[in-house]
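Reading through the structure tokens given below for one structure.
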Amino acid sequence: MTARTADPTVVDLRAVTHQAQAGHPPTVVATFDDYQLSVVRVSDDLGLHRHDDADEPLIVLEGTIEVEVAGATLRVGPGQLCVIPRGQAQHPRPIGQAVLLLCERRGAARAGTPPI
């Protein structure tokens, strides 16, 4: 189910989270302006990378992720978010499985580029 600003609706994030399966692409749940919100379940290391075109909010709905960034390791749990500035190298890893709410520009590359 995708909600659009022109057609207001309620999206049950708990139901989408329950249906999300590890290894599957993110499910788009809403679009607004130039952005889209997606839910994804991750169980694998997301690798060291960076996003040069935009800051990246990491919003955790379930589980916990650890993010190595700027010489520190941040632990982000359910109901928490962490914003990684554009161009900053990051290495996010779920502890077990985690469900993330992604906020991305529509049409932007989902995968980051490896740091130089």
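The values are calculated or read from the model by the stated rules, or taken from the named source; none is laboratory data. Quantities reported herein were computed from a predicted structural model and do not represent experimental measurements. Quick reminder, even Gly has a Cβ in these numbers, built from the backbone with ideal geometry, and neighbours come from all protein chains shown.
Annotations
- Top-ranked residue in the stretch 88-116 [being under 19 Å from Gly23 (Cα atoms) and at pLDDT below 85; ranked as surrounded by the fewest Cβ atoms within 10 Å (Cβ to Cβ)]: Ala111
- Of the residues making up the stretch 56-71, those that are of a type outside the set (Ser, Thr, Tyr) and modelled with pLDDT of 95 or more number 9.
- Pairs are defined by a Cβ separation below 8 Å, a sequence spacing of at least 6 or placement on different chains, a first member in the stretch 94-116 that is of a type in the set (Lys, Arg), and a second member that is modelled with pLDDT under 95 and part of a loop (DSSP other than H, G, I, E, B); the pairs so defined are Arg105/Asp34; Arg105/Asp53; Arg105/Ala54; Arg106/Asp34; Arg110/Pro26.
- Total residues in the stretch 1-21, condition in a loop (DSSP other than H, G, I, E, B) and at pLDDT 80 or above: 6
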